[in-house]
Structure formats: structure tokens, C-alpha cells
Amino acid sequence: MRSNLSTDPKKIAIFRALNLGDLLCAIPAVRALRARYPNANITLIGLPSMADLAQRFSKYFDSFASFPGVPGLPEQSFDPEAFVQFLQRERQEHYDLVLQMHGKGAITNSLVCMLGARRYAGYFDPGAFCPDATKFMPYPEGIPEVRRHLKLMQFLGIAPKGEAIEFPITPDECAQLDVLSARHGFGRQQYVCIHPGARDVRRWWAPDKFAQVADVLASRGNTVVFTGTADEHDGVQRVQEKMSRSSINLAGETDLGVLAALIGRARLLVSNDTGVSHLAAAMGTPSVVIFLTSDPARWAPLDRERHRIVHSDEPDDVGDVLFHVDRVLKAPFPDAMGYQNAQGPGVA
């Protein structure tokens, strides 16, 4: 496949200032980019909170640039002074290519063109500003997020290297999980993870519904382990208070790597549509994902047998969740970590 970039770029920046799930869905495209340009220096320009994630994917990203936000992009508050410093710093990098992989480009196309690169590529909204018609493609609608970014790579003449999402974990993170699970008493028991929170509260399924699902899973001999951030700890407690059976609340007790290892060893994840659903896809753990506001055609994992979706507006959404829980637990899938190791490097 011949690239339409004419010459091989030596310094590439990817602009994608979004959160965990958004970045994981872009990894297959970044993997293809790295395979095509193995000697290029690739920088991720992203939210400050994603610096550790860029380091985790050091085989794809050589460096990270913290984006201070601009008006109109809700993920990061705008700091005018920091933005000026950001532009000055990034213009000095003299990128050969900047890829705009942050939406349709209504705001971001003008933004990336301020970075002083030799060339730009990405998406545009037909009828809106397009920096270069030969290197910007119309934003693909109605397809999964993973495939959207692979389409951009193919448009640029970069061959895909599979659709699988990755998330490398380290032996130290596995060891930390051993300590944590032993402390909470589920080290040698089969367990399921339930993640009732989300960054956007509009994605939170009702606590009493999570409690019903958790009680059924516990009644069938599973240890129920709740996951979440420290900010979601109280939300998990509200679910636990509505349960009739015991459970474990690990919200705020795991960093991202240990959380991935925890999900990787679980029989199942039940969650809202949020970043952990993509961790389950990366680790190969069967999941049931509940969609309240976002589009499952875009954000649901690609493997719809291993990862089932439920629309929360269904009349019996609890029954639907339990139906799909039964199906994935009875399916002859390989163990989660074994699946990850078969698909790609799960332990760094």
C-alpha cells in the first residue's frame, strides 16, 4: 500500500486530547502508523491526565505533550497563558506531520494548523474548513470508533495491523493485585467485577438495578468486586446498601494498571459505557455494557459475542443484563488473560 504522504515523516504528532476509552480505541490505528514508520518519533498531544498512558504505550509513543485546552473543547479547562506556552513549545518541535484525530475538526483543524508542521492530516466535516483535501478525509459517521481511525490510516496509505485493542500491564502490577486480592480475601476465589460509575453521571445506571444484578451474581457463588475511582467510592456504597449479599468495594484502591490486571483475571465485567469497558475488551474479559446516552454502534466493543450491550431504555433492562450475563458466562471463551496473551502482549 502506497502512502499519500509523499515522503516519510521523521517527526509525527497525534492530536487526541481525550480520555481513556477514546485513546484505547485509537491504539489499533497508532499501531499501524508505528509499523509503517518504525523509525519516526511519534508524540501524543493529549490531556495532562493521559501522560502515564502514553508512557505505558512507549512502543508506540516516543513522547507526550500536555494540551492545556481551548474554548469549545469540554475535556480541559482553558488557560490562556498555558496555551500560548504550549504553542511556542510545540512549534519548536518542527513536526513533519500532525494528525488531527480529535473529532470532525470544527475547532481542532484550525488548532493543529497553528503547530507549524510541514504537513497535516486528519478528518474534516464536509462544508467546513479543510486544511488539505488530499490528506483530510470526510469524518466517517455510523461506524465503530476503532474502525474510524483505521479508515484514516488506510486513506493515508497505511496498512492496518489488526483491530484488537491493547493494554499492557507489568509484572509489578500483577504482584500488587496479588497483595490487594489477598487482603480482601478473594485471591483464590472466582470473582466478577461491577463498575457502576462513569466520568459523565448521565451514564450511571440506577444503583438499585446494579444491586439486583450483583445479588444474582453473588447468589451463584461469585465474589462481587466493585471497581471505580476514589470519587466514585460513595456511589459504589449506595449500590452496596441496596444489596442483600456481601461484596467488596475497591473503588479508589487501584491505579489504572492494577485495575486492568483485576479485570483481566475476572470472569466478567458489568459496567456502564465508560473507559473500563474498553479495558475489558483489551484484556479479553467477557463483559456486559449498559448504554444510557452514548451510541453503542460507535463505542461498543467490536466482539459482540464476548462483549454484550444493553440499552437502558428497554422495559426490562435488568432482565436483559442478566440474560446476557448468563450467555457470556456459559460461553466457552478462553480465560481472560489467556485471551489477551493470544491476541497481543498483555504483560509488559
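The values are calculated or read from the model by the stated rules, or taken from the named source; none is laboratory data. Note that the structure is a prediction, hence the values are computed from the model and not measured. Here Cβ is always computed from backbone atoms with ideal geometry, including for glycine, and neighbour counts include all displayed protein chains. All accessible areas refer to the heavy atoms of the entire protein, side chains included, with ligands and DNA or RNA removed. Shrake-Rupley method; radii C 1.70, N 1.55, O 1.52, S 1.80 Å.
Brief remarks follow.
- Alpha-carbon spread of segment 129-238, three principal axes, descending order, Å: 58, 35, 27
- Each Lys and Arg Cβ is given +1 and each Asp and Glu Cβ -1; about its Cα centre, segment 1-44 then shows a dipole of about 140 debye.
- Relative to the dominant Cα principal axis of the chain, helix 207-219 is inclined by about 60°.
- For Gly221, net neighbour charge (Lys/Arg +1, Asp/Glu -1) across residues whose Cβ lies under 15 Å away: +3
- Here segment 251-305 was treated as a single set of alpha-carbon atoms; its pair distances binned every 5 Å from 0 give 4, 21, 31, 24, 12, 7, 0 percent.
- Taking only the C-alpha atoms of segment 18-161, Rg followed by Dmax gives 14.4, 40 Å.
- Restricting the trypsin sites (Lys or Arg not before Pro) of segment 121-201 to loop positions (DSSP other than H, G, I, E, B) with no more than 16 neighbouring Cβ atoms within 10 Å leaves Arg188, Arg199.
- Residues Ser246 and Gln154, FRET efficiency given R0 of 56 Å [Cβ-Cβ distance, rounded to 0.05]: 0.65
- Cα gyration tensor category, rounded, prolate or oblate, for segment 66-110 with a/c compared to 1.5: oblate
- Based on DSSP H segments of at least four residues, each scored -39500 (n - 2.57), the chain has a per-residue ellipticity at 222 nm of -11000 deg cm²/dmol.
- Stretchable slack from Asp255 to Asp231, in nm (0.36 nm times residue separation minus alpha-carbon distance): 7.3 nm
- Gain upon complete extension [Asp295, Asp125; 0.36 nm per residue less C-alpha separation]: 59.3 nm
- Cα gyration tensor category, rounded, prolate or oblate, for segment 199-307 with a/c compared to 1.5: rounded
- Positive-end residue of Ala198, Pro168, Met153, charge dipole of segment 153-225 with Cβ unit charges: Ala198
- Sites matching trypsin sites (Lys or Arg not before Pro) across segment 202-245 that sit in DSSP coil, with at most 12 neighbouring C-beta atoms within 10 Å: Arg220
- All Cα pairs of the chain, percent lying beyond 27 Å: 47
- In segment 101-260, taking the dipole from charged Cβ atoms about the Cα centre, the farthest positive-side position among Ser246, Phe210, Val258 is held by Phe210.
- C-alpha long axis of helix 145-155 to longest principal axis of the chain, angle in °: 20
- For segment 236-301 and segment 161-197, distance of Cα centres in Å: 11
- In a fully extended conformation the segment linking Asp316 and Arg238 would gain 25.9 nm over its present Cα-Cα distance, using 0.36 nm per residue.
- Cβ-Cβ FRET estimate between Arg220 and Ser49, R0 fixed at 41 Å, reported to 0.05: 0.65
- Heavy-atom accessible surface of segment 128-253: percent carbon and sulfur, 1.4 Å: 48
- Computed Kirkwood radius, in angstrom, where 1/r is averaged over Cα pairs of segment 119-168: 12.0
- Number of Lys-Lys pairs in the chain with C-alpha atoms under 17 Å apart and a separation of 8 or more places or on different chains: 9.
- Accessible solvent surface per residue of the chain, calculated while the other protein chains remain in place, 1.4 angstrom probe, Å²: 43
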